[in-house]
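Take a look at the structure set out below.
Read-outs throughout are calculated quantities, based only on the coordinates presented, and are distinct from any laboratory measurement. Just so you know, these numbers come straight off a predicted model, no measurement behind them. Every residue, glycine among them, receives a Cβ derived from its backbone with ideal geometry; neighbour counts consider all protein chains shown.
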2 protein chains.
Amino acid sequence: MVIHDLTAAECHETLSRSGIGRLACARDNVPYVVPIYFVYEPDHLYGFTTVGQKIEWMRLNPRVCVEVDDIKDHTSWTSIVISGRYEELPDTPEYEAERRQAQMLLEKRFLWWQTAHAAEQLRRPDSKPSPTVFYCIHIEETTGRRAAPDAIEAAGFASPPTSARSTPRRRRSRLPS
Amino acid sequence: MVIHDLTAAECHETLSRSGIGRLACARDNVPYVVPIYFVYEPDHLYGFTTVGQKIEWMRLNPRVCVEVDDIKDHTSWTSIVISGRYEELPDTPEYEAERRQAQMLLEKRFLWWQTAHAAEQLRRPDSKPSPTVFYCIHIEETTGRRAAPDAIEAAGFASPPTSARSTPRRRRSRLPS
């Protein structure tokens, strides 16, 4: 397996294609992580959600970390880690332009939004719509790594040779990263 | 979309099948999240990794959160969130039994371990093996949710009716969870 750090351009390309990540936040030094849908723009992620634990925690502590990956198998994967800062986009005049921008990008990417919302209204015509929060993650740092099979793995190396099989247990536990 | 909370038995079944999760830790109230391989046993996750930022952070603050999911599409997904505590399993007599148990379970699940390690040794016969850390996450709380298409979605509901299309923008932004 060959691992290399992603360039800024490679991170940009991966984040532009992806739309699902895992967002971690923290309260009193206790972490919490959940999946999110997002749209990437240079220096920003835009997302939406209903009010819940992660929103409550991010309102108290805006420091967040988002991980985005594409894992095919143990020798072929990409993982990007973003450190950033949460900012809510409330439905107020001050945020109108950015909220509209976020909504437009998210609707363009996730076409099922409007369909799902309309279906929800059909099902529950008298119910109050679920309150949705639009937010922005201001990206402060992005790091990425990509693994690919090396020549031995690509050639179909399948089982360890006798000498490796007889390696003491303690050494065998030292696995490659 | 119909969402229900998973029972303990459903969480157990999902975690037993899965082997990849996203682990979040925190330092000074700053979260960090990365993908991990794990094996689930009731009340525990066992994992392995090389020394890096997450190990350094978990040594300082053992509170962790692990998210495990299976996302098919926006109406069909399962997500489990585990709160727990990190414990390293060092290569010392005190931890020998638990470390052996962890290693046995991980090797059974991730057959590529030994193969990958042997290949690494062939490639770099004179190099020092990467130091590997075995660890256990003691599970303190597990919650899970599963979404499935409802009758309308399952029947192929494709586009919002005119009345929904004419819903004002502000209401359209209130998306279902």
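Please give the Cα centre distance for segment B:7-54 versus segment A:51-80, rounded to the nearest Å.
So the two Cα centres are separated by 13 Å.
Output, in nm with one decimal and in ascending order, the distances from the residue A:94 label point to the matching label points of the other copies (7 Å from Cα along Cα-to-Cβ).
Distances to the matching label points in the other copies: 5.2 nm.
Name the long-range amide H neighbours of residue B:132: under 5 Å, sequence gap of 5 or more, or other chain; modelled H, no Pro or chain starts.
A:175
Please list A:69-75, A:100-106 highest first by mean number of surrounding beta-carbon atoms within 10 Å per residue.
Order by mean packing, descending: A:100-106, A:69-75.
Please list the non-local residues whose amide H lies under 5 Å from the amide H of residue A:38, H modeled 1.01 Å from N, same-chain partners needing a gap of 5 or more.
Sorted by chain and number, the residues that satisfy this are A:20, A:21.
Packing-wise, with mean Cβ within 10 Å as the measure, how do A:1-7, A:144-150 rank, highest first?
A:144-150, A:1-7
At a threshold of 8 angstrom on Cα-Cα distance, excluding pairs fewer than six apart, so keeping six or more, what relative contact order does segment A:3-101 reach in percent? Please list the in-between numbers first.
Values: 125 pairs, mean separation 21.5, N = 99.
Taking the mean separation of contacting Cα pairs over the length of segment A:3-101, I get 22 percent.
I need the peptides B:48-58, B:29-39, A:21-31, A:84-94 ranked by packing, meaning the mean over residues of other C-beta atoms within 10 angstrom, with the highest value on top.
A:21-31, B:29-39, B:48-58, A:84-94
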